[in-house]
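Student: Take a look at the following structure, please.
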Amino acid sequence: MSSADAIAVQGVEHRYGDVTAVGPIDLTVPEGEFLVLVGASGCGKSTLLRLIAGFEEPTFGTVRTAGEPPVPGRGAGLVFQQPRLFPWRSVGGNVALALKYAGQPASEADVDLLLERVGLHGVARRRTWQISGGQQQRVAIARALAVDNPLLLLDEPFAALDALTRERLQEDLRRVSHETGRTCVFVTHSVDEAVFLGSRVVVLTPRPGQIALDLPITLPRTGLAPDELRGLPEFAALRAEVGAAVRTRSEVSA
Ligand SMILES: Nc1ncnc2c1ncn2[C@@H]1O[C@H](COP(=O)(O)OP(=O)(O)OP(=O)(O)O)[C@@H](O)[C@H]1O
Ligand SMILES: [Mg+2]
C-alpha cells in the first residue's frame, strides 16, 4: 500500500458463523476518493463498511485506514440509513456533542457553520422532531463532518427519503465532499446515485460479496450544474455499464 492510501483492504474475508458474508476482497482507496459500493441486498456492503470502521474484525486478511488498524468510533465519521439523533438534545445540541466528543470547539458559531455547510439555516434551536426527515439526515451528515477525521462512511443514508429530497442531498453531499476533500465510502442500491456521487464505483457480487466491477467515474467534479451532469451522454453510458453489472450479478444469485 502507498502512504497516500486512505483505506487498504487486503485478502479480506468475513464470516458470520458458517456464512461467508464478504470476500475475498482486495481494495485500496486513495485519499480524497469518493467510492460508491453497489450490490444486491445481503451481498455484504454493510459488513465491508463495518470492517473499514473497525466495528468488525475480518476473519481473514487485513484492513488498514491511513496505514493503521481501524479503531471503532475514531478515524471515521459514520452516517446510517436512519439519522439516529438524540431526541433529548436540540438540533444544534446534537452537532455540539459530536464536536465536544472530538475535543473541538463547540460554540454556537461552530455549530452554525457546520449546519450551514449541509444547507441548514436557523434550525439549531429546534428539537429533532421539529425538522423533516431530510433535514434530520442533513444533521447526521453535519455531525459526521464535525469530527475532524479524513474518512466519511455512509450506509444508504438517503434510502428513506423522497426522490426530490434525495436529489438535493446528493447534490449537497457531492459539493461538501469536494470542498472538504474527505475520502468517502458510500453504500447504495441506486445505480443513478452511484454514478452521480462516485469518483469510482465498485459493484459487488451476491454473497459472498466480491468485486464484480471496479469503474472509475470520469465525470467532471466541478463546473457543471447537477442537471447538466445528469444530461451528459457519458453519464448515461456509465449508468448503463454499472446497471448491467448489477443486473448480471443479481441473476447469478437468483
Ligand atoms: N451480525 C450478523 N450475524 C450473522 N449474519 C449476519 C450479520 N450481519 C450480516 N449478516 C449476514 O451477512 C450477509 C451480508 O450482510 P450485510 O448486512 O453486510 O449485507 P448488505 O449488502 O448490507 O445488505 P442490504 O443491502 O440489505 O443492507 C447477509 O447474508 C446477512 O444476513
Ligand atoms: Mg446493508
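Student: What does the helix-only formula give at 222 nm for the chain: each DSSP H stretch with n ≥ 4 adding -39500 (n - 2.57), the total divided by the residues, and the result rounded to the nearest 500 deg cm²/dmol?
Tutor: Working: 8 runs with 95 residues, N = 254.
Taking each H run of at least 4 residues, the total per residue is -11500 deg cm²/dmol.
Student: Can you tell me the convex hull volume per residue for segment 73-175, based on C-alpha atoms, in Å³ to the nearest whole number? Provide the component values of the computation, followed by the final result.
Tutor: Values: hull volume 9.5 nm³, N = 103.
Normalising the Cα hull of segment 73-175 by residue number yields 92 Å³.
Student: How far is helix 91-101 tilted off the main Cα axis of the chain, in degrees rounded to 10, range 0 to 90?
Tutor: So the helix axis and the longest Cα principal axis differ by about 70 degrees.
Student: Connecting C-alpha atoms closer than 10 Å in a GNM of the chain, tell me which of Thr62, Thr47, Thr180 has the biggest fluctuation.
Tutor: Taking springs between Cα atoms under 10 Å, the residue moving most is Thr180.
Student: Still on this structure, please answer the following. Label-point separation (nm) for Arg247 and Ser41, each offset 7 Å from Cα along Cα-to-Cβ?
Tutor: 2.0
Student: When all C-alpha to C-alpha distances in the chain are sorted into bins of 10 Å, what percent of pairs does each bin hold, rounded to whole numbers?
Tutor: P(r) over the chain, rounded to whole percents: 7, 30, 36, 22, 5, 0.
Student: Let me ask something else about it. Count charges around Pro30 for me, please; just the other residues with Cβ under 14 Å from its Cβ, Lys/Arg as +1, Asp/Glu as -1. Show your work: numbers first, answer last.
Tutor: Working: positive: Arg64, Arg182, Arg200; negative: Asp5, Glu31, Glu33, Asp214.
Net of charged neighbours comes to -1.
Student: If you don't mind, another one. Can you tell me which of Gly93, Gly44, Gly67 moves the most in a GNM of the chain? Springs connect C-alpha atoms under 10 Å apart.
Tutor: Gly67
Student: Full extension from Leu219 to Asp18: what is 0.36 nm times the residue separation minus their Cα-Cα distance, to one decimal in nm? List each step's numbers first, then the result.
Tutor: Working: separation 201, 0.36 × 201 = 72.36 nm, distance 4.13 nm.
Fully extending the segment from Leu219 to Asp18 adds 68.2 nm.
Student: Moving on to the next point. Gap in Å between the Cα centre of segment 70-143 and the Cα centre of segment 168-197?
Tutor: Answer, in whole Å: 18.
Student: Once you have a ≥ b ≥ c as the square roots of the Cα gyration tensor eigenvalues for segment 123-166, tell me rounded if a/c is under 1.5, and otherwise prolate or oblate according to whether a/b is larger than b/c.
Tutor: Working: a/c = 2.99, a/b = 1.18, b/c = 2.53.
In terms of gyration-tensor shape, oblate.
Student: Then there's this: Let a ≥ b ≥ c be the square roots of the eigenvalues of the Cα gyration tensor of segment 170-240; is it rounded (a/c under 1.5), or, if not, prolate (a/b larger than b/c) or oblate? Numbers along the way, then the final one.
Tutor: Details: a/c = 2.25, a/b = 1.41, b/c = 1.59.
Oblate shape, in that a/c is at least 1.5 and b/c is the bigger or equal ratio.
Student: If I model a spin label at Ala240 and Arg89 as a point 7 Å from the Cα along the Cα→Cβ vector, what separation in nanometres do I get?
Tutor: 4.8
Student: Could you state the angle between the C-alpha long axis of helix 108-117 and the longest principal axis of the C-alpha atoms of the chain, as a value from 0 to 90 degrees rounded to the nearest 10?
Tutor: Approximately 40 degrees, to the nearest 10.
Student: Select from segment 42-95 those trypsin sites (Lys or Arg not before Pro) which occupy a DSSP coil region and have at most 14 other Cβ atoms within 10 Å, ordered by residue number. If you can, show how the numbers build up before the last one.
Tutor: Numbers: sites: Lys45, Arg50, Arg64, Arg74, Arg84, Arg89; in loops: Arg74, Arg84, Arg89.
Hits after loop and neighbour filter: Arg74, Arg84, Arg89.
Student: Given a 10 angstrom Cα cut-off, can you work out which residue in Asp192, Asp227, Asp172 is the most mobile in a GNM of the chain?
Tutor: Greatest mean-square fluctuation among the candidates belongs to Asp227.
Student: Given R₀ = 30 Å, FRET efficiency for Ala109-Val71 by Cβ-Cβ distance, to 0.05? Write out the running numbers ahead of the final one.
Tutor: Details: r = 30 Å, r/R0 = 1.00.
The computed FRET efficiency comes out at 0.50.
Student: Any chance you could run the full-extension gain for Lys100 through Asp192? It's 0.36 nm times the residue separation minus the Cα-Cα distance, nm to one decimal. It would help to have the intermediate numbers written out before the result.
Tutor: Numbers: separation 92, 0.36 × 92 = 33.12 nm, distance 3.64 nm.
That works out to 29.5 nm of additional length.
Student: With unit charges on the beta carbon (Lys/Arg positive, Asp/Glu negative), name the residue among Gly32, Ile131, Gly61 whose Cα is farthest towards the positive pole of the charge dipole of the chain.
Tutor: Farthest along the dipole direction, towards plus: Ile131.
Quick note: the coordinates plus some simple rules give every number you see, no bench work behind them. Note that the structure is predicted; figures quoted are calculated from it, not measured. Here Cβ is always computed from backbone atoms with ideal geometry, including for glycine, and neighbour counts include all displayed protein chains.
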